[in-house]
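*Asks:* Just passing along the structure, written as structure tokens.
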Amino acid sequence: MGLTRAERIAIHKKQERLHVKKNAPSVAELSEGIPTLRSTPEGLVEYVRYNNQLYKSVYTPGSTATVPANPAFHVELEVDEAITDTAETVPFDTIIFDTKSGFNNTGSGTNPYSYTIGKGFEGIYYIASSLQIDNIADAHVDSILVSIAHNVAGTDVYYKNWIYPQANNANFATTTFSVVLDVKEGDYVYVDVNLEGDSSANIEDNFSATIKYSWFEGFKIN
């Protein structure tokens, strides 16, 4: 059975759009018991007249939807680091930014000098690093091995980059390289370095606030 005309009118009245006017009303503007919505410096406010007095209720947003920032970090080396023919994690000690607080820039705690993937942030990441190495003892270094290491459930996977010092710059070498990784919650990444040969060298820190030599960074792509 269809709706009567009276029922259709009643439904229409229930669904009438509320109009928001500007500024607070005076008591004289309102009819007893009939609410009105107003846009005021306080925000969205509902007013109603009752017993010839004005009452109000300030609305608050039911939710504030924001898009969370993707994980991203950039860390640098602020103190020269001596290296030898023993592999070591590069101790990046200065965090420039770290949107999800995933980087441990200390030599203690969970995953020292590494970036750990937090809960809810697994996915595809771009990871990159640059190192400048100097004070290389000429006659004893065959090559320098720099790796971005990805620890997956306790197993390290190394993305290696070899540097071969040339005769005309035997005391100096630099490299910048990157990799795209599929990472899971709890995985972590770090930079590993060692000399091939019986010698020593330094990873150089930043030359100045505007000239950066050694850094490590990454961000979530997808």
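*Asks:* Here are the criteria: (1) assigned to a strand (DSSP E or B); (2) in contact (Cβ under 8 Å) with a residue 24 or more places away in the chain. Tell me which single one V157 does not satisfy.
*Replies:* So the condition that V157 fails would be (2).
*Asks:* Here is a follow-up. Say whether the condition of being at pLDDT below 85 and out of contact with any Cys (no Cβ under 8 Å at 6 or more places or on another chain) is met by at least one residue in region 173-190.
*Replies:* For region 173-190, residues at pLDDT below 85 and out of contact with any Cys (no Cβ under 8 Å at 6 or more places or on another chain): present.
*Asks:* Please state which of the following conditions G109 fails to meet, knowing it meets all the rest: (1) among the small types (G, A, S); (2) on the phi < 0 side of the Ramachandran plot; (3) free of Cβ contacts under 8 Å to residues at least 12 places away in the same chain.
*Replies:* Answer for G109: the failing condition is (2).
*Asks:* Pick from F97, F92, F73: which is assigned to a loop (DSSP other than H, G, I, E, B), of a type in the set (A, V, I, L, M, F, W, C) and modelled with pLDDT of 90 or more? Before the answer, list the steps.
*Replies:* Values: F97 fails: assigned to a loop (DSSP other than H, G, I, E, B); F73 fails: assigned to a loop (DSSP other than H, G, I, E, B).
Answer to the selection: F92.
*Asks:* Considering only region 124-148, state which residues are modelled with pLDDT of 95 or more and either among the acidic types (D, E) or surrounded by fewer than 18 Cβ atoms within 10 Å (Cβ to Cβ) (or both).
*Replies:* I124, Y126, A128
*Asks:* Take T94 and decide whether it is among the β-branched types (V, I, T) and either surrounded by 19 or more Cβ atoms within 10 Å (Cβ to Cβ) or within 18 Å of the chain's Cα centre (by Cα) (or both).
*Replies:* yes
*Asks:* Right, here's the next one. Residues that are β-branched (V, I, T), at least 1 per element: which strands (runs of 3 or more DSSP E) completely within region 174-222 meet that?
*Replies:* Output list reads 188-196, 201-203.
*Asks:* Among the residues of region 58-67, is any part of a strand (DSSP E or B), at pLDDT 85 or above and either in contact with a strand residue (DSSP E or B) (Cβ under 7 Å, 6 or more places away or on another chain) or outside the structural domain of F97 (by TED's automatic domain parsing) (or both)? Outline the logic, then answer.
*Replies:* First, the residues of region 58-67 that are part of a strand (DSSP E or B): 58.
Now narrow it down to the ones that are at pLDDT 85 or above: 58.
Applying the additional criterion that residues be either in contact with a strand residue (DSSP E or B) (Cβ under 7 Å, 6 or more places away or on another chain) or outside the structural domain of F97 (by TED's automatic domain parsing) (or both) yields 58.
So far as region 58-67 goes, yes, one or more of its residues are part of a strand (DSSP E or B), at pLDDT 85 or above and either in contact with a strand residue (DSSP E or B) (Cβ under 7 Å, 6 or more places away or on another chain) or outside the structural domain of F97 (by TED's automatic domain parsing) (or both).
*Asks:* Also: Condition (residue is without any contact (Cβ under 8 Å) to a residue 40 or more places away in the chain and not in a loop (DSSP other than H, G, I, E, B)) applied to region 113-122: is it met by at least one residue? Talk me through it step by step, then tell me what you get.
*Replies:* Keep residues of region 113-122 that are without any contact (Cβ under 8 Å) to a residue 40 or more places away in the chain, which gives none.
No, region 113-122 contains no residue that is without any contact (Cβ under 8 Å) to a residue 40 or more places away in the chain and not in a loop (DSSP other than H, G, I, E, B).
The values are calculated or read from the model by the stated rules, or taken from the named source; none is laboratory data. Because the structure is a prediction, the values reported are computed rather than measured. Methodologically, a virtual Cβ is constructed for each residue, glycine included, from the backbone with ideal geometry; neighbour enumeration extends over all protein chains shown.
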